[in-house]
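Visitor: Sharing a structure below in structure tokens format, with a few things to ask.
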Amino acid sequence: MLRGTFSDGRTISATPTSLANVPKDAGGTRLVVTEVLVHAGGAARAGRPLIEYSGRPVFALPGAIPAYRDLGPNDSGKDVVQLQRGLRSLGYGTGADPAGTFGGGTQRALKRLYSAMGYDAPRSDRVPGGVMLPSSEVVFVPSLPARVVSVPVAVGDDVKGPVVTLARGGMELTGAMDPADEGLVKAGMIATVLSETTGDTAHATVAGVGKLTTAKAGAENNGAEAGGGGADGGAYIPLQIKPDKSWPVAFDGQDVRITVTAAATAGAVFAVPEAAISSGADARTSVSVVGAGGKQRVVPVTTGVSADGMVQVTPSNHGLSAGDRVVVGQ
């Protein structure tokens, strides 16, 4: 049994720097947040406004190539291919335009997208009646819907940096294993993840076992909570934990308990419900035994194999007997 911390993995932010159809050096132009349409922990969906600034939308489309330039009539390239695919995924066909060429079909599809969002498509002076896609109004995300990591602005704020940050690959869970347990956990083992805050659980698998890491390096490189590993709160071995299904949104940013099922025991052992295990700040585990008259005593234990909601425990001072009652959920 060990601790783990959820992190956001890779993220991508939208930072508007200009206003469509207004020169960047135009005097009196102000970029200001005029509407906030999503919240942290929510979902960003393709082709739906996330933030509005100075009356213009910021929205997401599927794609891995960042929006590094404005796209307009006669442009070509991989980013145009990406835009065309994104438009078609929303039901806006690009007509006879060749893949990677921003032609009339792509313009019509873009107009339809903007109209569906409730905005006029930005004008392009390259061709009569042309439209374009400003890089300040779109954020490409490899997989949508995406989780909204943060919205650091409110209506009325000047736009001086990111207005919304999205997770590129979902939540990631890194467990911190005590170095004393090195070799006991291997990739492919089954794991159960428990949030002691909400009571939510999830089934998962150990995807990888890292190398011995100091608390400082782990906090910077692995997303694990510093000191979340060994009993001394220092060095630990990071474990990458992958869910059988998507992680519950309730796990976002939480410190959780991870139980790894290693193997069957060789003989009879003491076992208690998972919820009977308490874990202190020093990562030491214990159970509370209820004695005569309801008096409780804390018994330090070492955890072992788990299965079907039960965990093997070995008392450090022979303080357990078969049939003892233990406190659950404390």
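The values are calculated or read from the model by the stated rules, or taken from the named source; none is laboratory data. Remember, predicted model here, so these are calculated numbers, not experimental data. Ideal geometry is used to build each Cβ from the backbone, glycine not excepted, and the neighbour counts take in all protein chains shown.
Visitor: If I filter segment 229-237 for residues that are surrounded by fewer than 21 Cβ atoms within 10 Å (Cβ to Cβ), modelled with pLDDT under 50 and in a helix (DSSP H, G or I), do I get at least one hit? Spell out the reasoning first.
Guide: Narrowing segment 229-237 to residues surrounded by fewer than 21 Cβ atoms within 10 Å (Cβ to Cβ): 231-235.
Still in the list and also modelled with pLDDT under 50: 231-232.
Narrowing further to those that are in a helix (DSSP H, G or I): none.
The answer is no; no qualifying residue exists.
Visitor: Out of segment 152-211, which residues are farther than 30 Å from PHE59 by Cβ and hydroxyl-bearing (Ser, Thr, Tyr)? Step through it out loud before you land on a result.
Guide: In the first step, residues of segment 152-211 are kept if they are farther than 30 Å from PHE59 by Cβ; the result is 174-211.
Across segment 152-211, the qualifying residues are THR174, THR192, SER195, THR197, THR198, THR201, THR205.
Visitor: Need the failing condition index for PRO98 against (1) surrounded by fewer than 16 Cβ atoms within 10 Å (Cβ to Cβ); (2) closer than 29 Å to GLY41 by Cα, just the number.
Guide: The one condition PRO98 does not meet is (2).
Visitor: Okay, next question. Give the number of residues within segment 310-330 that are assigned to a loop (DSSP other than H, G, I, E, B) and surrounded by 15 or more Cβ atoms within 10 Å (Cβ to Cβ).
Guide: Keep residues of segment 310-330 that are assigned to a loop (DSSP other than H, G, I, E, B), which gives 316-324, 327-330.
From what is left, the residues that are surrounded by 15 or more Cβ atoms within 10 Å (Cβ to Cβ) are 319-320, 324, 327.
Adding up the residues that qualify gives 4.
Visitor: If you don't mind, there's one more thing I want to ask. From GLY208, GLY223, grab the single residue that is assigned by TED's automatic domain parsing to the domain that holds PRO243 and modelled with pLDDT under 90.
Guide: Just one listed residue meets the conditions, GLY223.
Visitor: I've got another one for you. Test of understanding: among ARG88, ARG69, ARG30, which residue is in a helix (DSSP H, G or I) and surrounded by fewer than 16 Cβ atoms within 10 Å (Cβ to Cβ)? It would help to see each step written out before you state the result.
Guide: On the way: ARG69 fails: in a helix (DSSP H, G or I); ARG30 fails: in a helix (DSSP H, G or I).
Testing whether each residue is in a helix (DSSP H, G or I) and surrounded by fewer than 16 Cβ atoms within 10 Å (Cβ to Cβ) leaves just ARG88.
Visitor: Which one of the conditions (1) free of Cβ contacts under 8 Å to residues at least 12 places away in the same chain; (2) of a type in the set (A, V, I, L, M); (3) within 30 Å of ALA250 (Cα to Cα) does VAL148 fail to meet, given that it meets all the rest?
Guide: (1)
Visitor: Any chance you could count how many residues in segment 43-65 are under 19 Å from the mean Cα position of the chain (by Cα) and over 17 Å from MET117 (Cβ atoms)?
Guide: 2
Visitor: Among the residues of segment 268-321, how many are more than 24 Å from VAL193 (Cβ to Cβ) and polar (S, T, N, Q)?
Guide: 4
Visitor: Now for a different question. Restricting attention to segment 161-171, and to residues there that are buried (at least 20 other Cβ atoms within 10 Å of the Cβ) and in contact with a Gly (Cβ under 9 Å, 6 or more places away or on another chain), which single residue is farthest from VAL249 (Cα to Cα)?
Guide: Applying the filter and picking the extreme gives ALA167.
Visitor: Looking only at segment 43-50, decide whether some residue is more than 30 Å from THR205 (Cβ to Cβ) and not in a loop (DSSP other than H, G, I, E, B). First the steps, then the outcome.
Guide: Here is the first cut: in segment 43-50, the ones more than 30 Å from THR205 (Cβ to Cβ) are 47-50.
Subset that is not in a loop (DSSP other than H, G, I, E, B): 49-50.
Yes, the conditions are met somewhere in segment 43-50.
Visitor: Then there's this: I'd like the residue in segment 254-278 that is among the β-branched types (Val, Ile, Thr) and surrounded by fewer than 19 Cβ atoms within 10 Å (Cβ to Cβ) and, out of all such residues, is modelled with the lowest pLDDT. Explain how you work it out, then say what you get.
Guide: Quick first cut of segment 254-278, residues among the β-branched types (Val, Ile, Thr) only: 256, 258-261, 265, 269, 272, 277.
Still in the list and also surrounded by fewer than 19 Cβ atoms within 10 Å (Cβ to Cβ): 261, 265, 269.
Working: THR261: 78, THR265: 57, VAL269: 82.
Top of the filtered list is THR265.
Visitor: Still on this model: Pairs please, first residue from segment 155-183 and in a loop (DSSP other than H, G, I, E, B), second anywhere and buried (at least 17 other Cβ atoms within 10 Å of the Cβ) and acidic (Asp, Glu), Cβ atoms under 7 Å, 6+ apart in sequence or on different chains.
Guide: MET171/ASP8
Visitor: While we're looking at this one, here's another question. Being surrounded by 20 or more Cβ atoms within 10 Å (Cβ to Cβ) and either assigned to a loop (DSSP other than H, G, I, E, B) or among the hydroxyl-bearing types (Ser, Thr, Tyr) (or both) is the requirement here; does SER136 meet it?
Guide: On the way: surrounded by 20 or more Cβ atoms within 10 Å (Cβ to Cβ): yes; either assigned to a loop (DSSP other than H, G, I, E, B) or among the hydroxyl-bearing types (Ser, Thr, Tyr) (or both): yes.
For SER136, the condition - surrounded by 20 or more Cβ atoms within 10 Å (Cβ to Cβ) and either assigned to a loop (DSSP other than H, G, I, E, B) or among the hydroxyl-bearing types (Ser, Thr, Tyr) (or both) - is met.
Visitor: A further question follows. Quick check on my filter: what residues within segment 279-288 are of a type in the set (Gly, Ala, Ser) and more than 27 Å from the chain's Cα centre (by Cα)? Before the answer, list the steps.
Guide: Taking segment 279-288 first, the residues of a type in the set (Gly, Ala, Ser) are 279-281, 283, 286, 288.
Listed by number, the residues that qualify are SER286, SER288.
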